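The structure appears below as structure tokens.
The values are calculated or read from the model by the stated rules, or taken from the named source; none is laboratory data. As the structure is a computational prediction, the values presented were derived from the model and not from experiment. All Cβ positions, glycine included, derive from the backbone under ideal geometry; neighbour counts span all protein chains shown.
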Amino acid sequence: MRDRKLWYIGQAEALCYLVARGKLTAWLLVPRAYIPDVRAVVAESHCACLVTEQAGDWAEVWVYYRPLAAELIGALPLVRALLPAAVSDWYVGSLCGYSTPAIESYIAGREGQEPLSGELRDEGPGDAGLVAYTAGRKSLALVDDDGVSAPATLIASRLRGAFTRLVGHVHRLLSL
């Protein structure tokens, strides 16, 4: 048991080393029982972390240094909930610093994964061109407070601000 705990602490130290030297974020799946120890290691390394709960006794620990990274990590639940799995995989891979060819190879290797191709449509005026996405039979959908499926124009109006901020953050990050 102690060896297992030391392994997670060592992994956290290694990820902090990478983040402190320029990697945008690093990710580690950790048993909940070890979260306090991992947090302490991250704090000692002058990095920060966000912890998200997972099924069972596990949690995701996202290590970062730059405040912008926290916003990008914070958008991950929205990305996972609203976009196809391939787009979510690309987002996570990019956050963790993987190259585009490595991400494409991972996505292509997933069993039963739809290819990352589809149609992007702008359903109305605005700054963000990505407001509706369809890939095969999958499409973006939104249900309002009354349980009524919302039309694409309403989806666009609700998501346009979030995507515009996300695109702006990514653009600023890439220009650093």
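If you go through the stretch 55-76 one residue at a time, do you hit one that is within 15 Å of the chain's Cα centre (by Cα), at pLDDT 95 or above, surrounded by 18 or more Cβ atoms within 10 Å (Cβ to Cβ) and farther than 24 Å from residue 110 by Cβ? Yes: one or more hits.
Scanning the stretch 29-47 for residues that are among the aliphatic types (A, V, I, L, M) and crowded, with 18+ Cβ neighbours inside 10 Å, we see that the one that is farthest from residue 68 (Cα to Cα) is 30.
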